[in-house]
1. Take residues that are surrounded by 23 or more Cβ atoms within 10 Å (Cβ to Cβ) and within 12 Å of the ligand (Cβ to nearest atom) and tell me which of the strands (runs of 3 or more DSSP E) falling wholly in region 118-222 contain 2 or more.
2. Can you spot a residue in region 287-298 that is among the β-branched types (V, I, T) and assigned to a loop (DSSP other than H, G, I, E, B)?
3. Among the numbered criteria (1) among the β-branched types (V, I, T); (2) in contact (Cβ under 8 Å) with a residue 24 or more places away in the chain; (3) over 23 Å from L316 (Cα atoms), which one does T54 miss?
4. Here is a list of conditions, (1) in contact (Cβ under 8 Å) with a residue 24 or more places away in the chain; (2) over 30 Å from M57 (Cβ atoms); (3) out of contact with any Leu (no Cβ under 6 Å at 6 or more places or on another chain), and F439 meets all of them except one; can you say which number that is?
5. With the checklist (1) assigned to a loop (DSSP other than H, G, I, E, B); (2) within 13 Å of the ligand (Cβ to nearest atom) in hand, flag the one item F267 doesn't pass.
6. Listed residues Q305, Q339; which is touching a residue at least 60 places away in the same chain (Cβ under 8 Å), open to solvent by 20 Å² or more (accessible area, probe 1.4 Å) and within 18 Å of the chain's Cα centre (by Cα)?
7. Based on what the data block shows, is A387 out of contact with any strand residue (DSSP E or B) (no Cβ under 6 Å at 6 or more places or on another chain), at negative phi, touching a residue at least 40 places away in the same chain (Cβ under 8 Å) and not polar (S, T, N, Q)?
8. Answer yes if at least one residue in region 50-73 is in a loop (DSSP other than H, G, I, E, B), open to solvent by 80 Å² or more (accessible area, probe 1.4 Å) and closer than 16 Å to S379 by Cα, and no otherwise.
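The values are calculated or read from the model by the stated rules, or taken from the named source; none is laboratory data. Quick caveat, the model's predicted, so the values are computed rather than measured. Note that we place each Cβ from the backbone using ideal geometry, even for glycine, and neighbour counts take in every protein chain shown. Heavy atoms of the whole protein, side chains included, go into the accessibility calculation; ligands, DNA and RNA do not. Shrake-Rupley method; radii C 1.70, N 1.55, O 1.52, S 1.80 Å.
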Amino acid sequence: MELPFAEPYKIKVVEPIKKSTRQQREEWIAQARYNLFNLRSDQVFIDLLTDSGTGAMSHMQWSEIMLGDESYAGSLSYFKLKDTISSLLGMPYFLPTHQGRAAENVLFSAMIKQGDVVPGNSHFDTTKGHIEYRRARAIDCTIDEAADTTILHPFKGNIDLEKLEKVFKKYPKEKIPLCLITVTCNTSGGQPVSMQNIKDVSALCRQYDIPVFFDAARFAENAYFIKVREKEYENHGIRDIVKEMFSYVDGATMSSKKDAIVNIGGFIACRDKALFDKASMFNIMFEGYITYGGLAGRDLGALAQGLMEGTEFDYLEARIGQVAYLGNKLMEYGIPIQQPTGGHAVFVDAKKFLAHIPKEEYQAQTLGVELYLEGGVRSVEIGTLLADRDPLSRKNRYPALELLRLAIPRRAYTNNHMEYVAACLKNIYDRRDTIKKGFRIVSEAPIMRHFTVELEKA
Ligand SMILES: *Cc1c(COP(=O)(O)O)cnc(C)c1O
């Protein structure tokens with residue numbers, strides 16, 4: 001018989017997780033004001049809140065923790081990382097930062113000013129936050145297919161070139177400091193961007209003399225999708241694809257907590273020495289000296305090793321295969337999800353799942369609370385709470401997609417855990433008509449409210 005798939009690693013260290021009763025969970029979630037971010041981790045059985053910094057490091061990464069060189073300046077761990085970024089991504093300059101948003105803060109301090117616009121494919125929440133904080137505006141140019149969860153488009157993260165060119169024609173060049181391609185596109189469902197689209201966007205940016213950057217948090221998962229979905233690349237190695245992707249951009253911000261499989265870390269990479277020099281000043285002010293950037297030497301070493309492991313085909317096949325495994329189980333149960341499944345998470349279409357709950361009562365958040373109550377599974381809302389209010393009108397922005405994200409930590413859970421999560425959602429789906437009400441906001445922060453929002457039953 002054909003041999004079944006099996007993970008290309010075995011487990012050396014385990015960490016116990018705790019079950020709880022429904023009654024305990026009802027108390028805990030009420031105390032948390034129905035915000036899943038407010039739960040203690042020991043109140044959660046399976047934690048799919050995020051794939052950020054939650055992955056399991058390898059024995060080689062842990063050995064880098066011991067090898068870490070903690071010199072203030074010129075640490076050998078820094079040079080290890082610098083060499084890796086230069087050989088893997090082809091970027092000559094880099095600055096370490098403590099995570100992805102710090103890279104955004106530093107880079108945008110050097111590039112974005114009040115009144116600017118930054119076009120891209122549905123910017124990540126912290127990215128949008130850092131743009132809007134500077135009184136600039138993020139303009140979403142994602143293709144329309146991304147907003148329909150049932151269309152089987154292979155590259156739903158793609159940028160619509162017509163939408164992008166409209167922005168380039170409407171605003172003077174001085175008002176567009178950069179175009180940002182997020183790979184993979186988190187907000188539209190962990191959806192990849194094709195090499196062709198990266199190439200085309202880059203060419204259009206060149207034509208209008210606009211710099212183009214990656215928000216590269218999941219660049220390796222994006223490269224995997226290019227390999228398996230873009231015919232021309234089926235015989236290319238992941239690292240060759242990665243190299244080509246980066247050849248079309250001027251630089252990148254990176255949250256290493258994603259595809260570099262470390263618990264903390266980030267960086268900026270770029271080609272331009274002048275930009276590197278300008279950003280270095282902000283890095284020293286906000287993060288730390290340019291050879292450590294808010295990280296310990298050991299973190300830099302583990303990050304360098306993680307970049308290499310995160311770009312191995314066998315690892316990516318297991319990783320993305322597990323996400324598809326959960327997605328397929330849910331589809332088997334008739335549960336509406338974003339199709340095809342993305343790289344790091346399964347996104348449940350809460351607008352369809354809880355169609356009878358009004359959008360003003362936060363459908364995806366309502367489903368997230370139900371999933372916690374059902375089996376102690378923590379997920380996260382990618383919907384109206386995350387979309388925040390319009391900075392001018394202060395009205396709720398209702399996004400095209402109202403999703404519940406089940407983010408899968410890297411190398412941390414088994415497929416039995418995926419079975420458990422799918423069964424929880426099936427039970428809720430079968431009794432969905434009994435869920436009568438959603439939530440209303442009691443208090444919220446003026447920016448990035450989803451982290452701290454407090455809710456009550458509507
Ligand atoms: C996580 C993430 C960020 C922010 O990175 P942090 O490390 O969480 O600060 C930015 N962009 C994307 C696409 C991300 O997934």
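1. Answer list for region 118-222: 179-182, 212-215.
2. Checked region 287-298: at least one residue is among the β-branched types (V, I, T) and assigned to a loop (DSSP other than H, G, I, E, B).
3. If we test T54 against (1) among the β-branched types (V, I, T); (2) in contact (Cβ under 8 Å) with a residue 24 or more places away in the chain; (3) over 23 Å from L316 (Cα atoms), just (3) comes out false.
4. (3)
5. Going through (1) assigned to a loop (DSSP other than H, G, I, E, B); (2) within 13 Å of the ligand (Cβ to nearest atom) one by one, F267 breaks only (1).
6. Q339
7. No, not satisfied.
8. No.
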